[in-house]
Amino acid sequence: MANTASAQKRIRQNVKRTARNKARKSRVRTYVRKLEEAIASGSKEAAQAAFRDAQPELQRAATKGTLHANTVARKVSRLSARVKSMGAPQA
């Protein structure tokens, strides 16, 4: 148990920060999963729409320091390439 007031405050801050980061990572994973499902479905329009939703969420996680900027850049690049490589839009 922390003895000093500053250490107790640090514990409180860490609890809040951990919860915030956990929620942010979960949100990112949800958007990426939706994008993966859209890619698997074969619909390019759905995949592009899902990518447009997922990209800002990934960038936000990098900006806030939840995920490393290079990690996000790599993920966005790979997801973008997968969406682009899909066939022509289906009617």
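The values are calculated or read from the model by the stated rules, or taken from the named source; none is laboratory data. Not measured: the values here are computed from a predicted model. All Cβ positions, even for glycine, are placed from backbone atoms using ideal geometry, and neighbour counts span all protein chains on display.
Identify all residues within the range 13-22 that are surrounded by 11 or more Cβ atoms within 10 Å (Cβ to Cβ) and either at pLDDT below 95 or out of contact with any helix residue (DSSP H, G or I) (no Cβ under 9 Å at 6 or more places or on another chain) (or both); write none if there are none.
Matches in the range 13-22: ARG17, ARG20, LYS22.
Would you check if there is a residue in the range 68-85 being under 19 Å from the mean Cα position of the chain (by Cα), outside any helix (DSSP H, G or I) and of a type outside the set (Phe, Trp, Tyr)?
Yes, the range 68-85 has at least one match.
Of all residues in the range 50-61, which are surrounded by 12 or more Cβ atoms within 10 Å (Cβ to Cβ) and either charged (D, E, K, R) or more than 16 Å from ARG78 (Cα to Cα) (or both)?
ASP53, GLU57, ARG60, ALA61
Can we say THR30 is over 17 Å from ALA81 (Cα atoms), in a helix (DSSP H, G or I) and touching a helix residue (DSSP H, G or I) at 6+ places or on another chain (Cβ under 9 Å)?
yes
Given (1) without any contact (Cβ under 8 Å) to a residue 12 or more places away in the chain; (2) of a type outside the set (Phe, Trp, Tyr); (3) surrounded by 15 or more Cβ atoms within 10 Å (Cβ to Cβ), identify the lone condition not met by VAL72.
(1)
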